[in-house]
Amino acid sequence: MESYHYEWRIVHDGIGKVPNVRYDAASFYYNNCIWVTCGGGSGQGKSSEVWKFDTSTKLWSRIDLPPNECPTGRDGHSGTYIGNGKFVIFGGQGFSEPNKKLGRESEALRAQTHCKRDVFNDLWVFDCNTLKWTPIYPDGLSFPMGRRGHSAIYIPKNTL
């Protein structure tokens, strides 16, 4: 019988910039990097930032993106890697604001939680190769209600 041993290790040496402490972010691994999207955190509120940790150099870098070309700052969204350097996020919770790339105000369900915030039902793709967010508008007449704290999985076409 095989046995495995896992342990936590500090891999960042404290050199360079690092993301603020955050919670409820979505992350994924691509091309020897750990990518972190959005989330809430200390001194920043709800973020729409994208950060990358290079596992070879052990350095963090913030991906500078125009604010009007990013999802609205949020936490509690789900995310999943879909291949070819692309990552999808859905939903989450934050404060609705106009977004020029969407061409409309982010659709949101007003929900009473521990504080009044918007729960989103928007869908975005981040491309690690072009460093751009793109909103997705699924076909059909119905969309899932806004949500937070959920999970997501990618199932390739013709798998089921």
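Confirm whether H150 is modelled with pLDDT under 95, over 20 Å from P19 (Cβ atoms) and either within 13 Å of the chain's Cα centre (by Cα) or open to solvent by less than 70 Å² (accessible area, probe 1.4 Å) (or both).
Answer is yes for this residue.
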**OP:** Sort out which residues of region 55-77 are over 14 Å from W133 (Cβ atoms), assigned to a loop (DSSP other than H, G, I, E, B) and not hydroxyl-bearing (S, T, Y), and write them in order of number.
**Re:** K58, G76
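The rows are residues; the columns are (1) over 25 Å from A152 (Cα atoms); (2) charged (D, E, K, R).
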{"residue": "V11", "(1), (2)": "yes, no"}
{"residue": "V21", "(1), (2)": "no, no"}
{"residue": "D24", "(1), (2)": "no, yes"}
{"residue": "W51", "(1), (2)": "no, no"}
{"residue": "S56", "(1), (2)": "yes, no"}
{"residue": "W60", "(1), (2)": "yes, no"}
{"residue": "D75", "(1), (2)": "no, yes"}
**OP:** May I ask you to verify whether T80 is outside any strand (DSSP E or B) and out of contact with any His (no Cβ under 6 Å at 6 or more places or on another chain)?
**Re:** no
Original post:
Out of the residues in region 55-74 that are over 20 Å from D24 (Cβ atoms) and among the polar types (S, T, N, Q), which is surrounded by the fewest Cβ atoms within 10 Å (Cβ to Cβ)?
Top reply: S56
**OP:** Determine, yes or no, whether C70 is at positive phi and modelled with pLDDT of 85 or more.
**Re:** no
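The values are calculated or read from the model by the stated rules, or taken from the named source; none is laboratory data. Note that the structure is predicted; figures quoted are calculated from it, not measured. Positions of Cβ are backbone-derived with ideal geometry, glycine not excepted, and every protein chain shown enters the neighbour counts. Please note that ligands, DNA and RNA were not included when accessible areas were found on the heavy atoms of the full protein model with its side chains. Shrake-Rupley method; radii C 1.70, N 1.55, O 1.52, S 1.80 Å.
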